[in-house]
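First comes the structure, then the notes that go with it.
The values are calculated or read from the model by the stated rules, or taken from the named source; none is laboratory data. Keep in mind that this is a model prediction, so the values were computed, not measured. A quick note on method: Cβ atoms are made from the backbone with ideal geometry, for glycine too, and the neighbour counts reach across all protein chains shown. Heads up: the accessible areas ignore ligands, DNA and RNA and are worked out on the full protein's heavy atoms, side chains in. Shrake-Rupley method; radii C 1.70, N 1.55, O 1.52, S 1.80 Å.
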Amino acid sequence: MSPFEALQLPNGQVISNRIAKAAMEENMADINQAPSRELMQLYQTWADGEPGLLITGNVMIDRRAMTGPGGVALENEQHLDRFREWADVARAKGVHFWVQLSHPGRQTMANLGQQALAPSAIALDLGSFSKMFAKPKAMTESEIQDVIQRFATSARLAENAGFTGVQIHGAHGYLLSQFLSPLSNHRTDRWGGSLENRARLLLEVIHAVRANVSPSFCVGLKLNSADFQRGGFDEADARAVVEMLNPLPIDLLELSGGSYEAPAMQGEARDGRTLAREAYFLEFAAQMASVARMPLMVTGGIRRLPIVQQVLDSGIAMAGIATALTLEPQLIRHWREGRDPDPQLKPIDWKRKPLASLATLAVVRDQMRRLSRGRQPNAKAAPWLALACDQWFTARRTRQYRAAMTQTSH
């Protein structure tokens, strides 16, 4: 199967090729947590590179629950015109454009001043960095129902704005992923205990989202293949959840892995496993191809066309590319023209792993900011400088966010 062959989804929609720009957190919202001009320029640049599918970074369903102060939130119609402009960027190129809907749960920064919600009152374990995150409280039944409704409302708003689909974020240690993991979910009610109970919130969200959008609107899901932590959500759990998902109207299932505590999505595992340098999660995804009834997508370190071909030959419907597209936004077009560049960042092997993880994200965000201003990427950016600039930017946005939220609450 060629990477440039069209893919028909279960709901009848057609994606023009098998390569997606996977989600990365941009932190480029305007002061109102709406899409900024820079964010639109960034996606214009990626749309020009001719992917079959663009997936946004985290778009939060509740502006009181943010992964970062520069994140986009879509909870009502207040700034829907800005979302329409954002959607138009890709539609003009005939590219599918999906909004990734997310709730951080306990992965909420403490300095944002918000109460972190989680399945159970279990804080993140990041050693000396743990204090950077808010202490979570166990969600009440009404708070769980509110989250389900918010996912559905944000999906309906995304369709109204002209996006062609949503991707529900059930991976990377965010709220839905926290409910799935026995490490973070110690509940004894119908939302905890057995895997069926731990998966209940994810399934309810999917049902609610699908009920609030039209049949032609795409509903995708991002799911961890594993937490990569001993005693956590593992591959056997993931296989069982995929089987639970099979009867549901899901158009594309992306398999990833990891969390803030074990950033496997950056090629690192905390349980001692060594991940391949490209296509981190391909082995598990290939096993799932015979189980899943919906098309699968795999993301994680892919940057070369032969690896994309290997993914497709394994029975996976789509390959997702992230970091490589911040270094070479025209990568897919280059492949189509017969060229095969190999864009990659130099690994950051600092001794303090959480700091190295933050630096990696900072370097990637530096590339995105460059693209959003019409500048060329710089793969040789100094990690310490990128991290310092990112921390300064985040601190400034945090002050703005806190001021805005204080004003809103009065």
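When you scan segment 297-319, how many residues do you find that are part of a strand (DSSP E or B) and modelled with pLDDT under 95? Write out each step before concluding.
Keep residues of segment 297-319 that are part of a strand (DSSP E or B), which gives 297-299, 318-319.
Subsequent filtering for residues that are modelled with pLDDT under 95 retains 298-299.
Residues that pass the stated criteria total 2.
Go through segment 154-172 and give me each residue that's closer than 21 Å to Leu223 by Cα and open to solvent by 10 Å² or more (accessible area, probe 1.4 Å).
Thr164, His172
Among the residues of segment 138-152, is any open to solvent by 10 Å² or more (accessible area, probe 1.4 Å), touching a residue at least 40 places away in the same chain (Cβ under 8 Å), farther than 15 Å from Ala208 by Cβ and touching a Ser or Thr at 6+ places or on another chain (Cβ under 9 Å)?
Yes; the residues of segment 138-152 include at least one that is open to solvent by 10 Å² or more (accessible area, probe 1.4 Å), touching a residue at least 40 places away in the same chain (Cβ under 8 Å), farther than 15 Å from Ala208 by Cβ and touching a Ser or Thr at 6+ places or on another chain (Cβ under 9 Å).
Are there helices (runs of 4 or more DSSP H) fully within segment 175-236 with at least 3 residues that are in contact (Cβ under 8 Å) with a residue 24 or more places away in the chain and touching a strand residue (DSSP E or B) at 6+ places or on another chain (Cβ under 9 Å)? List them. Step through it out loud before you land on a result.
Values: elements: 175-180, 195-198, 200-211.
The helices (runs of 4 or more DSSP H) meeting that bar are 175-180, 200-211.
For segment 294-321, what are the residues that are among the small types (Gly, Ala, Ser) and either open to solvent by 20 Å² or more (accessible area, probe 1.4 Å) or over 25 Å from Val241 (Cβ atoms) (or both)?
First, the residues of segment 294-321 that are among the small types (Gly, Ala, Ser): 300-301, 314-315, 317, 319-320.
Those that are among the small types (Gly, Ala, Ser) and either open to solvent by 20 Å² or more (accessible area, probe 1.4 Å) or over 25 Å from Val241 (Cβ atoms) (or both): Gly301, Ser314, Gly315.
When the residues of segment 71-94 are filtered to those that are touching a helix residue (DSSP H, G or I) at 6+ places or on another chain (Cβ under 8 Å) and at pLDDT below 95, which remaining residue is surrounded by the fewest Cβ atoms within 10 Å (Cβ to Cβ)? Spell out the reasoning first.
Pass one, segment 71-94, residues touching a helix residue (DSSP H, G or I) at 6+ places or on another chain (Cβ under 8 Å): 72, 74-77, 80, 83-87, 89-90, 92-93.
With at pLDDT below 95 added as a condition, the list becomes 89-90, 92-93.
On the way: Val89: 22, Ala90: 24, Ala92: 10, Lys93: 17.
Here the residue is Ala92.
Among (1) touching a helix residue (DSSP H, G or I) at 6+ places or on another chain (Cβ under 9 Å); (2) part of a loop (DSSP other than H, G, I, E, B), which single condition is Gly338 missing?
Answer for Gly338: the failing condition is (1).
Looking at the structure I just gave you, is Arg18 touching a residue at least 24 places away in the same chain (Cβ under 8 Å), surrounded by 22 or more Cβ atoms within 10 Å (Cβ to Cβ), under 21 Å from Thr326 (Cβ atoms) and of a type in the set (Lys, Arg)?
Numbers: touching a residue at least 24 places away in the same chain (Cβ under 8 Å): yes; surrounded by 22 or more Cβ atoms within 10 Å (Cβ to Cβ): yes; under 21 Å from Thr326 (Cβ atoms): yes; of a type in the set (Lys, Arg): yes.
Here the answer is yes, as Arg18 does meet what is asked.
Quick check: is even one residue across segment 199-210 charged (D, E, K, R), open to solvent by 20 Å² or more (accessible area, probe 1.4 Å), under 30 Å from Val14 (Cβ atoms) and touching a Pro at 6+ places or on another chain (Cβ under 9 Å)? Spell out how you get there, then give the answer.
Step one: filter segment 199-210 for residues charged (D, E, K, R), giving 200, 204, 210.
Narrowing further to those that are open to solvent by 20 Å² or more (accessible area, probe 1.4 Å): 200, 204, 210.
Okay, now just the ones that are also under 30 Å from Val14 (Cβ atoms), so 204, 210.
Restricting the remaining residues to those that are touching a Pro at 6+ places or on another chain (Cβ under 9 Å) gives 210.
Yes - at least one qualifying residue is present in segment 199-210.
So which pairs qualify, if the first residue must be in segment 328-350 and closer than 18 Å to Asp48 by Cα and among the polar types (S, T, N, Q), the second must be modelled with pLDDT of 85 or more and surrounded by 15 or more Cβ atoms within 10 Å (Cβ to Cβ), the Cβ gap must be under 6 Å, and the two must be at least 6 apart or on different chains?
Taking only residues 6 or more apart or on different chains, the pairs are Gln330/Gly49.
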